[in-house]
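Data first, discussion second: the structure below is written as structure tokens.
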Amino acid sequence: MKLKVTAVDEQLRVTYEENVHFDTDLPEFRTQGGVYVHSDRLTVTSPVLMWVKALDVILEKMKSSGFNFAQVKALSGAGQQHGSVYWKEGAHHILKNLSPDLPLHQSLKACFSVSDSPIWMDSSTASQCFSLEKTVGGAQQLANITGSRAYERFTGNQIAKIYSQNPEVYIQTERITLVSSFAASLFLGDYAPIDYSDGSGMNLLQICDKRWSMTCLNACAPGLEEKLGHTVPSSSVLGSIAPYYIQRYGFSPDCKVVAFTGDNPASLAGMRLEEGDIAISLGTSDTLFLWIQEPMPATEGHILCNPVDSRAYMALLCFKNGSLMRERIRDDCASGSWDEFSKALTSTVTGNNGNLGFYFDVMEITPEAVGIHRFNKDNKKVPDFPKEVEIRALIEGQFMAKRIHAEKLGYKIMPKTRILATGGASHNKEILQVLADVFNTPVYTIDTANSACLGCAYRAIHGLVAETSVSLADVVKLAPAPRLVVTPAAEADEMTS
Ligand SMILES: Nc1ncnc2c1ncn2[C@@H]1O[C@H](COP(=O)(O)OP(=O)(O)O)[C@@H](O)[C@H]1O
Ligand SMILES: O=C(CO)[C@@H](O)[C@H](O)COP(=O)(O)O
């Protein structure tokens, strides 16, 4: 896990990149992968001062490499979703009066009431989730209000745990920020509001009217509205950079700070998704981001407010059985060779003559299921398939599940829909052909190394003009276009209609 920076010029060319690796550049915090996994194996935290010090280190690295801070017109950023930072009473005064002679971590060392911030990998709040769903009338009802049923990593449940285990720590806390709005606060020298999109990962925000749900707030902890502050559209200019950065690094006093957001919303911006588009990352696990106009929250998957158009939404779907499952079937049925695997896909027909399979070696997230389930054309469960049939059944089954879950969340394929594929398996054209056929939509690939970071640079530029109704798509027209790789085969039209 790293803190990263990307700078782009007016032509959207990347002019500067740098990073700080938490474990190796800040070994004094003794994290592994940037986190502490506690002895219960459920609680996972990161030291908040490590994040602050990482910002000191990256700014110093930029300064010594001659980076021209004075030219920065606007900045924005992203943080891992769901994680939270607890500012102690009196911290606001310190944040507003940072001395340019000191690194941030020295000025802010006594500012946090919780020194180890709960992060997205935490799964220690099952009882808080149960009680939140019960209060609002069930999982589907909570999803209708906040876009997701109760999840252990979601911030409201984490706050509820802190309040119930350490009420005195909660009472000493004057402000709770997300990781994203915490980082924005450092640049602003003031508490930054939470943006709608990252705010949708808390089980607290009403995704329809973008207001806090008082029922959810009250179910988590008393007086929470005041500690969270108000929310803002993700493209809002929050203000100008704090004097600290002008004096210490030479930033211009006109440099604007645009609201920070979550890493997944920032990736949606970095991949320049537009209405109707789907981004699919085929990495170790498979992740889908979808641009949705009329969401239908469900008990599987997440609906978030859209980070680049506050009238729209985005859906997020995670599938654990991605490449590792494909690798297992490749090893069993294609002698461990992707070439042989691909040949099996070309030698079998779309629809697999009615043979279908669902393959979950590990407990799946979407849906919660495990095991291998094969069905023949008569819908009868069968114990095995010939090797080529098995390979096609796996890939068609994986992509059909994605389409079904996307549509359950309100996703509609439009004539202009594109699928933007990334991750290891997006190098496999035959796999992408099945994807194009199942969705009946062309598939493009896009270079997304650092897409979240790049998305923040795009969002910073967009923030400067967003109030005049210019869209992000207009602002990033000059960026390199995605590459068309496959179009749906003619017979796919019949299969999906
Ligand atoms: N030609 C290929 N066909 C299918 N899958 C591939 C191919 N090349 C790599 N992969 C898969 O890509 C996965 C890694 O994807 P990557 O996006 O690098 O992962 P991460 O999620 O760790 O960033 C590997 O698990 C591997 O199975
Ligand atoms: O929990 C989620 C999404 O709901 C994760 O996707 C985090 O947002 C991951 O952050 P990284 O550590 O991958 O940046």
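The values are calculated or read from the model by the stated rules, or taken from the named source; none is laboratory data. Remember, it's a predicted structure, so these values are computed and weren't measured experimentally. In this analysis, Cβ positions are derived from the backbone assuming ideal geometry, glycine residues included, and neighbour counts consider all displayed protein chains.
From the list Ala436, Ala466, Ala492, Ala452, the one residue that fits, being within 16 Å of ligand 1 (Cβ to nearest atom), buried (at least 19 other Cβ atoms within 10 Å of the Cβ) and at pLDDT below 95, is Ala452.
A single member of Gly239, Gly301 is at positive phi and within 16 Å of ligand 2 (Cβ to nearest atom), and it is Gly301. Quick check: anything in the range 420-429 within 16 Å of ligand 1 (Cβ to nearest atom), of a type in the set (S, T, N, Q), surrounded by 15 or more Cβ atoms within 10 Å (Cβ to Cβ) and within 21 Å of the chain's Cα centre (by Cα)? Among the residues of the range 420-429, at least one is within 16 Å of ligand 1 (Cβ to nearest atom), of a type in the set (S, T, N, Q), surrounded by 15 or more Cβ atoms within 10 Å (Cβ to Cβ) and within 21 Å of the chain's Cα centre (by Cα), which makes the answer yes. Can we say Ala393 is at pLDDT 95 or above, over 30 Å from Ala143 (Cα atoms) and either assigned by the TED database to the domain that holds Glu18 or crowded, with 17+ Cβ neighbours inside 10 Å (or both)? Considered against the rule, which asks whether it is at pLDDT 95 or above, over 30 Å from Ala143 (Cα atoms) and either assigned by the TED database to the domain that holds Glu18 or crowded, with 17+ Cβ neighbours inside 10 Å (or both), Ala393 comes out as yes. Remark: Gly351 matches the filter, which requires a residue to be assigned by the TED database to the domain that holds Arg330, surrounded by fewer than 21 Cβ atoms within 10 Å (Cβ to Cβ) and under 22 Å from Pro442 (Cβ atoms). Evaluate the range 310-325: report whether one residue or more is within 30 Å of Ser235 (Cβ to Cβ), in contact with a Phe, Trp or Tyr (Cβ under 9 Å, 6 or more places away or on another chain) and in a loop (DSSP other than H, G, I, E, B). Yes: one or more hits. Would it be correct to say that Ser76 is polar (S, T, N, Q), surrounded by fewer than 14 Cβ atoms within 10 Å (Cβ to Cβ) and modelled with pLDDT of 95 or more? So Ser76 fails the test. Residue-level check: of (1) away from ligand 1 (no atom under 16 Å from the Cβ); (2) surrounded by fewer than 23 Cβ atoms within 10 Å (Cβ to Cβ); (3) touching a residue at least 40 places away in the same chain (Cβ under 8 Å), Met121 misses just (1).
For the criterion of being surrounded by fewer than 22 Cβ atoms within 10 Å (Cβ to Cβ), touching a strand residue (DSSP E or B) at 6+ places or on another chain (Cβ under 9 Å), closer than 30 Å to Arg459 by Cα and at pLDDT 95 or above, Tyr151 passes. Here the helices (runs of 4 or more DSSP H) wholly within the range 209-271 that include at least 1 residues being touching a residue at least 60 places away in the same chain (Cβ under 8 Å), buried (at least 18 other Cβ atoms within 10 Å of the Cβ) and outside the structural domain of Ser84 (by the TED database) are 263-270.
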